[in-house]
Amino acid sequence: MYRILIVEDDEVIASSIKKHIETWNCAAQCINDFRNVIAGFAEFDPQLVLLDISLPFFNGYHWCTEIRKISKVPVIFISSTSDNMNIVMAMNMGGDDFIAKPFDLNVLTAKVQAMLRRTYDFNGNTGLIEHNGAVLNISYNTLIYNEEKIDLSKNEYRILQLLMENKNSIVSRDAIMTRLWETDSFIDDNTLTVNITRLRKKLEAAGLNNFITTKKGVGYIIE
């Protein structure tokens, strides 16, 4: 079942699209918080986004740009401002298609299904993990917070990935070292401490304070 995210501030239109898409055996979700679309995007982890241009706080061009920082998921713009300039702008900002309002729901669904077929050979996962606004993209080895990329070393990224994959559960130091050994990073206990310390400093510098908690004598947890 494919997941479709609808970023449309007209509740009537958004609800109509959602109900129609769901009749075609797809999961659909509407964004409610237009101040932070990326958080909703990361939480739902969609395989396609329907994105209006005229939105509260920030327009669709802005949010398409932010989505492109963390994902290559298909984005179809839906807008009543369908002049050539807006269509060109939508494509330049990373959009994959443009549907002008008003539109027939059957035409919309046909375009969505065609885009999904072209994009996915199977029902794949876009590989996003989100926690407290931080978005880890497993496919591209990136961490984004407050619309900024946080540069991590390979080991720092692997440690953070393991902790975020197991958020709300304690991960032992041995489990972390085993994960790193599996990727040919043969580190000892002292080196792990150094990596954890550096990772924490980078997270704190980006505003992610107390993101990783130490459980003394046990391991680490993100909660």
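The values are calculated or read from the model by the stated rules, or taken from the named source; none is laboratory data. For clarity, every value in this text was computed on a predicted model and none was experimentally measured. Virtual Cβ from ideal backbone geometry, glycine too; neighbours counted across all protein chains shown.
Within the span defined as the range 178-190, every residue fails to be surrounded by 15 or more Cβ atoms within 10 Å (Cβ to Cβ), at pLDDT below 85 and touching a Phe, Trp or Tyr at 6+ places or on another chain (Cβ under 6 Å). Taken as a whole, the condition of being surrounded by fewer than 16 Cβ atoms within 10 Å (Cβ to Cβ) and touching a strand residue (DSSP E or B) at 6+ places or on another chain (Cβ under 6 Å) applies to residue 22.
The strands (runs of 3 or more DSSP E) found wholly in the range 130-223 include none carrying at least 2 residues that are in contact (Cβ under 8 Å) with a residue 60 or more places away in the chain, on the phi > 0 side of the Ramachandran plot and in contact with a Leu (Cβ under 7 Å, 6 or more places away or on another chain). A count restricted to the range 142-156 and to residues that are surrounded by fewer than 19 Cβ atoms within 10 Å (Cβ to Cβ) and out of contact with any strand residue (DSSP E or B) (no Cβ under 7 Å at 6 or more places or on another chain) stands at 6. Scanning the range 191-213 for residues that are under 15 Å from residue 174 (Cβ atoms) and exposed (fewer than 13 other Cβ atoms within 10 Å of the Cβ) yields a single hit, 193. Residue count for the range 88-129 under the criterion of being on the phi > 0 side of the Ramachandran plot and either touching a Gly at 6+ places or on another chain (Cβ under 6 Å) or at pLDDT 75 or above (or both): the result is 1.
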